[in-house]
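Asker: Let me give you the structure first, and then I'll get to my questions.
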Amino acid sequence: MLNVEDWAEIRRLHRAEQVPIKEIARRLGVARNTVRRALASDRPPTYVRAPKGSVVDPFEPRIRALLAEWPRMPAPVVAERIGWTYSLSPLKRRLALIRPEYVGIDPVDRVVYEPGQVTQCDLWFPETPVPVAPGHERVAPVLVMTLGFSRFVTATMIPSQQAGDILAGMWLLISGVGRVTKTLVWDRESAIGGGGRPTAPAAAFAGTLATRIRLAPPRDPEFKGLVERTNGYLETSFLPGRRFASPTDFNDQLTDWLVRANSRTVRSIGGRPVDLLPTDRAAMLPLPPVAPRVGLTSRVRLGRDYYIRLDAADYSVDPRMIGRFVDVTATPDTVTVLCDGQSVAHHRRSWAAHAVVTDPAHAATAKAMRQARAADRACRQARRHTDGHPVTLRALPDYDALFGVDFDPTGTENQP
């Protein structure tokens, strides 16, 4: 089965780089029919990959101890020092990943960005807590995206650092621009590429848009210096002196402020981002006809308390669905629950931790079900005469007294 990464790369090469199908098949070592199926599909392939470790994992602490003292120690010498008995290939791959953390300063040249080439993305955590519910405040992440050529900035506050919420924020901002650059640069955010490569949700998102996600090297903030400077600009120019009533109010104030921020003259490009944006957009990729899958999704069996948990908050569901599987979908604004394709709950999403969101109709239905069950239980327990009047049930000790029987429940009657 074609994996998500190859599927995304096929779509990028064909749509962004205009590489022919035959050449794509040659580069990736797949059949041309496989390439055609990938291009015809607007959704990434689904598969389950079993977790697989590496023989290097137990040796990594000793490798790091050696690199901390001798950062450029060759792989054969490292293998000798740690008692390595396997092939050098996995050791070399691990050294390529972790050695940059110890080699020291790595100067880079100034980068010149072409129109439509790159967008740098990052999460900014403002110092000012935002009220998310009565009596509850929290510091929520803000997704910031800066276009490389025009320096045009877009940003929005999102509920969490989970992949679904980050990708939903990216799709919101990209849709606002109307097109997407050929590369999206991220640091090693765990939900996007914490393992050194794009996660499956991130790769599926990029593949649907026919773009690619490029991850910054470890501990190299200069790799995405544009958006890092934007974060500092937001910290010093947008945040001071402001108060916010809710995340919606935060995003409204931020949107108004960004209009002015994108109209200022940026010295490094000798112009205003808003004036350079049309040139940037003209070189970008068009958006796909099918929107990518974003937001949080899960499938759970509804328990007796008829609540489902999503991002540390609980939401009520129609209690008639107890015991059945329900599909949960959440955007930054709403939570929807479906059972067999039918809506059984719809809530405004709460950003507060440990919140309990209850639909009064669900509570009323649960109360009616409890009352009906209690009445049914009482009806089954009551005995009735043939003429219909109820017959009182007597306790078992009453019958013992009637027949003159005295049972000792402790069993002492059998003792001498």
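Asker: What number comes out for accessible area per residue over the chain if the probe is 1.4 Å? Units Å², please.
Answerer: Solvent-accessible surface per residue comes out at 58 Å².
Asker: Roughly how tilted is helix 200-209, in degrees to the nearest 10 and between 0 and 90, from the longest Cα axis of the chain?
Answerer: Helix 200-209 sits roughly 60 degrees off the main axis of the chain.
Asker: Provide the percentage of antiparallel DSSP beta bridges, counting only those with both residues in the chain; round to the nearest 5.
Answerer: Roughly 80 percent of the beta bridges in the chain run antiparallel, per DSSP.
Asker: With all protein chains present and a 1.4 Å probe, how do V56, V357, V274 order by accessible area, largest first?
Answerer: The ordering from most to least exposed comes out as V274, V357, V56.
Asker: For S343 and T248, FRET efficiency with R0 = 30 Å and r from the beta-carbon atoms, rounded to 0.05?
Answerer: That pair, T248 with S343, gives E of 0.80.
Asker: Would you list, by chain and number, the aspartates and glutamates whose Cα falls below 12 Å from the Cα of K224, excluding same-chain residues fewer than 8 positions away?
Answerer: D122, D187
Asker: Can I ask one more? Calculate how steeply helix 273-282 sits against the longest principal axis of the alpha-carbon atoms of the chain, using the helix alpha-carbon long axis, and give the answer as 0 to 90 degrees to the nearest 10.
Answerer: 90 degrees
Asker: With angles folded into 0 to 90 degrees, how steeply does helix 247-261 sit against the dominant principal axis of the chain? Use alpha carbons for both and round to 10.
Answerer: 10 degrees
Asker: Projected onto the charge dipole of the chain (+1 at Lys/Arg Cβ, -1 at Asp/Glu Cβ, origin at the Cα centre), which of A353, T181, A133 gives the Cα projection farthest towards the positive end?
Answerer: Result: T181.
Asker: If you average the C-alpha positions of the range 242-312 and of the range 171-235 separately, how far apart do those two centres end up, in angstrom?
Answerer: About 13 Å separates the Cα centre of the range 242-312 from the one of the range 171-235.
Asker: At a 10 angstrom cut-off on C-beta neighbours, averaged per residue, how do the peptides 308-319, 240-251 rank from highest to lowest?
Answerer: 308-319, 240-251
Asker: Per DSSP H run of n ≥ 4, the term is -39500 (n - 2.57); total these for the chain, divide by its residue number, and report the mean residue ellipticity at 222 nm rounded to 500 deg cm²/dmol.
Answerer: -11000 deg cm²/dmol, from helical runs alone.
Asker: At 1.4 Å probe size, with the rest of the protein present, what percent of the exposed accessible area of the chain is carbon and sulfur atoms?
Answerer: 53 percent
Asker: What is the range 246-312 by shape, rounded, prolate or oblate, if you read a ≥ b ≥ c off the alpha carbon gyration tensor as root eigenvalues and call it rounded for a/c under 1.5, prolate for a/b larger than b/c, and oblate otherwise?
Answerer: oblate
Asker: If you don't mind, there's one more thing I want to ask. Which whole-number percent of Cα pairs in the range 90-165 have a distance greater than 22 Å?
Answerer: 56 percent
The values are calculated or read from the model by the stated rules, or taken from the named source; none is laboratory data. Just so it is clear, the model here is predicted, and its values are computed rather than measured. As a convention, Cβ positions derive from the backbone with ideal geometry for all residues, glycine included, and neighbour counts pool all protein chains shown. The protein model used for the area step is the full one, side chains on, heavy atoms only, and it has no ligands, DNA or RNA in it. Shrake-Rupley method; radii C 1.70, N 1.55, O 1.52, S 1.80 Å.
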